[in-house]
Amino acid sequence: MKKIFTHPKSLRNIPTHYCPGCGHGIAHRLIAELVDELGIREKVIAIAPVGCAVIAYDYWDFDCSEAAHGRALAVATGIKRMRPENIVFTYQGDGDLAAIGTNETIHAANRGENLTVIFINNAVYGMTGGQMAPTTLAGQKTATTPEGRDVKSQGYPLKISELLAQLPAVKYVERASLHSPQEIIKAKKAIKQAFVNQIDNIGFSLVELLSPCPTYWGLTPQKALEWIRDVMVKEFPVGRIK
């Protein structure tokens, strides 16, 4: 009988440190599957900055580089310019990409660097204790907004994908979600497109993934998936933006 579901060669078979119900494991597997399917395992270089996925290189069985908090796209730019034959991607959370690294993100996108960006949006700082992130929803409770995010004093959720899509040098932006099997299939297609764009030298591509964080949302894993479906996608609609 033909096997149709196997362990990706690009994903190490080891336990992870992620909390139960976290979406990082799903995203890791999708990327590993695509690296194998596209035949780029010997050419790909991942950049993992500070955040919950800071040790993603422990799980991916291909070349990875570390970066300081928020500086992943600066590191990726340097590597890609020195090694244009390689496929370079960053894997960044919302705090890293949309707060500490906003400068690097906007300017790498504005330059049209031929890079692939995987942007994990779980609406909270997961690694450091559940503080408010740029993507935290209005009224959402976090460690630093115990009464809920107040837009009058703390601003609105930052829609980084829509912002970047306005830049002429940005070629592809799509938002997907990890809250159901159907949406995960769509997420994989979006990530594949972002990798293919780089292989074809099209330019800067970003895929935003809405990802559950049951621990700091104070929800069960199942309820966290439902919260994305019922609440989060209203603020961050899924689909191709550019």
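Computed values, structure above
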quantity	calculated
Span-like helix ranges in the chain, DSSP H, alpha carbon extent 18 angstrom or more, Kyte mean at least 0.0	24-38
Stretch gain in nm, segment T16-L38, where the contour uses 0.36 nm per residue and the Cα spacing is subtracted	5.4 nm
Links that overshoot a 29 Å alpha carbon limit, given the list K189/K234; K80/K242; K159/K192; K159/K186; K2/K192; K43/K223	K43/K223
Sorted peptide list for 94-106, 145-157, 61-73, 35-47, criterion being average Cβ within 10 angstrom, highest first	94-106, 61-73, 35-47, 145-157
Estimated [θ] at 222 nm from DSSP helical runs (n ≥ 4, -39500 (n - 2.57)) normalised by residues in the chain, nearest 500	-9000 deg cm²/dmol
Sites V151 and T6 - FRET efficiency at Förster radius 35 Å, r taken between beta-carbons, to 0.05	0.15
All-pairs alpha carbon distance profile, the chain, 5 Å steps from 0, percent	1, 7, 15, 19, 22, 17, 11, 5, 2, 1, 0, 0, 0
Radius 15 Å from Cβ of M82, net charge of other residues (Lys, Arg +1; Asp, Glu -1)	+1
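Here, each number is a calculation from the coordinates, and none is a lab measurement. Just so you know, these numbers come straight off a predicted model, no measurement behind them. FYI the Cβ positions are ideal-geometry reconstructions off the backbone, even for glycines, and counts take in every protein chain you see.
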